[in-house]
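The values are calculated or read from the model by the stated rules, or taken from the named source; none is laboratory data. What you see is a predicted model, and the numbers here were worked out from it, not measured in a lab. Note: ideal-geometry Cβ built from the backbone for every residue, glycine included; neighbour counts use all protein chains shown. Note: areas computed on protein heavy atoms with side chains; ligands, DNA, RNA excluded. Shrake-Rupley method; radii C 1.70, N 1.55, O 1.52, S 1.80 Å.
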Amino acid sequence: AFYSYLATIKSPKQLAKISKPYQTAPGEQAQFDWSPYTVMIDDSLEKIVIFNTILGFSRKRKYVASLSDDQGSLFCALEEALNHFGGAPKELLVDNARQMVTNAAPEHFQWNPKFLQFCGYYRITPQHCQIRKAKTKGKVENPFYYLEQHFIKGHSFSDFQDLETQLSHFNEQVNQKIHSNLNVTPDDKFIEEKPYLTALPQNPFIGYQEIFRKVNWDCLISFEGSKYSVPFLYAGKSVWIRKVKGR
């Protein structure tokens, strides 16, 4: 009876539940993920996405809100995070989402070519999580739990810009809050990490699809079933538009 009980404790199924956080050196790695939410904007429920980039050493993070999770929005969120940090980490740990991975099968794994171009432009080596092993990232802390409990729940916003403004203030508070594992704030710990980040290029990576539209004489362009106004100087001319973060 004793050995039968011992077998249940040491079984592979039980051991698989165990995870141990690992520490990364300054500037070595950042982790990137996102989560969808439904929030109240201008008295109506809207679906949004919040991207989260977090540095592994200092735990300094950058939240970015979007109305879309397409690849262009992903690039925009990552660039905002890199500019927020003032540099790029050597590695970026991501999951196997279609925006980054073309084929996630271990025997035929293939990165998305555009995502590889983005990483190459910032001299970042991409790393991916193992399939169906969410704890590959090694951090038992849930990067979205605090956001959900203290920002998403019970909050409403007058418009999307108000959401972005409030999220920016919340982001500052999180980075100035004592981290339970570090016993210091991420901002304080980041002082040690910043010198190890890779310098950013002078110009951003243009990863969005650019679309051309003809401006009518009412100074309007048509896009996805809606009309948008532009300065009168462009009436009768062709202009290019870029959809970023769903807008």
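Of all residues in region 139-182, those satisfying the criterion of being in contact with an Asp or Glu (Cβ under 9 Å, 6 or more places away or on another chain) and within 18 Å of PHE32 (Cβ to Cβ) are ASN142, PRO143, PHE144, ASN175.
Can you name the residue in region 215-225 that is modelled with pLDDT of 90 or more and not in a loop (DSSP other than H, G, I, E, B) and, of all such residues, is farthest from ARG247 (Cα to Cα)?
The residue in question is LEU220.
Within region 35-53, the set of residues being open to solvent by 80 Å² or more (accessible area, probe 1.4 Å) and among the acidic types (Asp, Glu) comprises ASP42, ASP43.
Residue-level check: of (1) modelled with pLDDT of 90 or more; (2) touching a Gly at 6+ places or on another chain (Cβ under 9 Å); (3) open to solvent by less than 40 Å² (accessible area, probe 1.4 Å), CYS119 misses just (2). Restricting region 73-97 to residues that are crowded, with 22+ Cβ neighbours inside 10 Å and small (Gly, Ala, Ser) leaves a set whose member that is nearest to the chain's Cα centre (by Cα) is ALA77.
Candidates LYS227, LYS189, LYS214: the one that is open to solvent by 40 Å² or more (accessible area, probe 1.4 Å), within 30 Å of GLN23 (Cβ to Cβ) and among the basic types (Lys, Arg) is LYS189. Confirm whether GLN161 is open to solvent by 40 Å² or more (accessible area, probe 1.4 Å), in a helix (DSSP H, G or I) and of a type in the set (S, T, N, Q). So GLN161 fits the description; yes.
In region 192-211, of all residues being open to solvent by less than 90 Å² (accessible area, probe 1.4 Å) and either modelled with pLDDT of 90 or more or touching a Gly at 6+ places or on another chain (Cβ under 7 Å) (or both), the one that is farthest from ASN83 (Cα to Cα) corresponds to TYR208. Of everything in region 164-214 that is of a type in the set (Ser, Thr, Tyr) and assigned to a helix (DSSP H, G or I), the residue that is nearest to GLN149 (Cα to Cα) is SER168. The residues of region 10-38 that are among the β-branched types (Val, Ile, Thr) and at pLDDT below 75 amount to a single one, ILE18. Remark: pairs (first residue in region 181-204, at positive phi and hydroxyl-bearing (Ser, Thr, Tyr); second residue open to solvent by 50 Å² or more (accessible area, probe 1.4 Å) and assigned to a helix (DSSP H, G or I); Cβ separation under 9 Å; 6+ apart in sequence or on different chains) are absent.
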